[in-house]
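Asks: Sharing a structure below in structure tokens format, with a few things to ask.
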Amino acid sequence: MPPSPSPSPSPPHQPRRTPENARKKAYKEQADVSNGRRRREAQLLQLRKSRREDTLSKRRRDDASSPSTEPEPDIGPARPESDPPSSSDPPPLPCAADADSSKLLGIINGLKSENISLQLEATIKIRKILSVDGNSLAEEVITSDVVARLVELLSSKKNPRGPQLQVEAAWALTNITAGPSEHTEVVTNAGAVPKLVKLLESPRSDVREQAMWALGNIAAESQRCRELVIDHGGLVQLLSQFNEHAKVSNLRMATWTLSNLCFGKLPSNSQTKAVLQILQQLLNSIDEKILSDTCWAVSYLCNHGTDEIQMVIESQICYLLVKLLMHSSPKVVTPVILALANVSAADDCQVQFLIDSGILQCLPKLLTRNYQKCIKNQACMTVSNICAGTTAQIQAIIDAKMVPLLIQLSQRGETDIKKEAIWAIANATSGGSPDQIRSLVGDGCIIALCNALVLSDADLLYACLNGLESILKVGEMEKMKDEAGTNPYAVLMEECGGLDKLENLQGFNNDAIFEKTIKLLESYWVEEGSENEAPKEPSPDDT
């Protein structure tokens, strides 16, 4: 072992040393060296969070909307007409739009009345209060015993106005569950879930649709709420909504609610398979909203683990997803590429199925066309995960002419995309065969990896060092063929400034990177005069 460095400057190629105990006190935890094929939990959680704030977010229904995700008078369910007023009907209740606390008491009394006309009128006024964000009376409504009464009114009544009352009550509950978690808890604690599930058996499409809306909001709240819906038979009843007689607005609502349920892990494989059968059919839909929510549901299932991914593969859904990568709408492409990125993080056999599905013909288009950053990032992540696979899978990337594109992205891509491209190059060089490494070097991967040695990401730096080590080992094979006895890849590293960057890494705040850096410097760049220190000849196992 060379002695510890003296205060005088070190020779250019002499590795600097520091006492091991001092390094252990000063340096951070070592890099994770098993990060070839990464699920990137932090990134996936961030995407799930943004998805929750987007389509998974709860939906409030205002007065202008029909029981569908947007106003659609041509396909939405017709609102039931009110019965003409009877001379025996009680006088109308005060208007909720201008109601104050004193008038609210009159509305609540009407809600508790046994007269269905008063009940209906009061329910309408209550849901109007709840339909407006920032209404000062909304909190007072929710904290009163109104919620329990609304839940009671969900039960079927043998009256022509019964279904309309059910819609209005479910509508009011929908808007309560669109609020914060404590509001949703008030609704679930009042026993709304089993009654809403029961409404999915109604012969009226508007009743079923509004019940699905409320259940979708509840399912978006938490895993406990999703389990509550499923435990009361909500998943079974929801799947029954997908039939040839269903209206488009009903299908849209059912698909959105189903995607919210899939956000959490389903209790059993049989339920997952039943859901996948429906999702497979929905992937052929021409409706963009149905298609988008279907793809999000699949992406959620793929995020739960290799068992769910295998079920997705066995359902033949991967072929349909790959086909949808070329869809014209980013709202469809985004969940599709996220689902496929999840598959690419699975085991080698599952990744091979992805390759066999034709994904490598689509990924270059996603990376070169004018797509959103998140789509390009996921596409590049998928490539990097494939590059962490077998030599056959690395060869598939090479044959698809994707390496020059990765080199380009590593130099001129946006920050996140650039890092994913570097991961792909590092993974390919670390796991490639000698012939594949020669091909990768020919495409310019040495410069790409050397340029990345200035990054602060410890895991990525370690992967780059591993890739360069594999390249230098193959360079030792080439050295045997060279009369001058030089490692051509070590020379290339010096020429592009890689050696200087490597020496600078000796001060990087990580033990694993320090040790790997010292190993490379000692093995492939021997200080002049150190004739006894020759690089170790690589064995076949090293490559």
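Asks: Subtract the Cα-Cα distance of residue 411 and residue 157 from 0.36 nm times their separation in residues, and report this length gain in nm to one decimal.
Replies: Separation in residues times 0.36 nm, less the Cα-Cα distance, equals 84.6 nm.
Asks: Determine, for each peptide in 400-408, 112-120, the mean count of other beta carbons within 10 angstrom over its residues, then list the peptides with the highest first.
Replies: 400-408, 112-120
Asks: Roughly how far apart, in whole Å, are the Cα centres of segment 126-154 and segment 442-488?
Replies: About 66 Å separates the Cα centre of segment 126-154 from the one of segment 442-488.
Asks: Once you sort the root eigenvalues of the Cα gyration tensor of segment 247-336 as a ≥ b ≥ c, which label holds: rounded (a/c under 1.5), prolate (a/b larger than b/c) or oblate (the other case)?
Replies: oblate
Asks: How much of the accessible area of segment 329-392, probe 1.4 Å, is carbon plus sulfur, in whole percent?
Replies: The computed percentage sits at 51.
Asks: For residue 239 paired with residue 494, estimate the spin-label separation in nm (one decimal), with each label point 7 Å from Cα along the Cα-to-Cβ line.
Replies: 6.7 nm
Asks: Another question about this same structure. Give a quick list of GluC sites (Glu not before Pro) in segment 186-252 that DSSP marks as loop, anything other than H, G, I, E or B, with at most 16 other Cβ atoms within 10 Å.
Replies: Loop-located and lightly packed - 201, 244.
The values are calculated or read from the model by the stated rules, or taken from the named source; none is laboratory data. Computed from a prediction, not measured in an experiment: that's the story for all the values here. When we count neighbours, we look across all protein chains shown, and the Cβ atoms used for this are built from the backbone with ideal geometry, even at glycine. Side chains included, ligands, DNA and RNA excluded: accessible areas come from the protein's heavy atoms. Shrake-Rupley method; radii C 1.70, N 1.55, O 1.52, S 1.80 Å.
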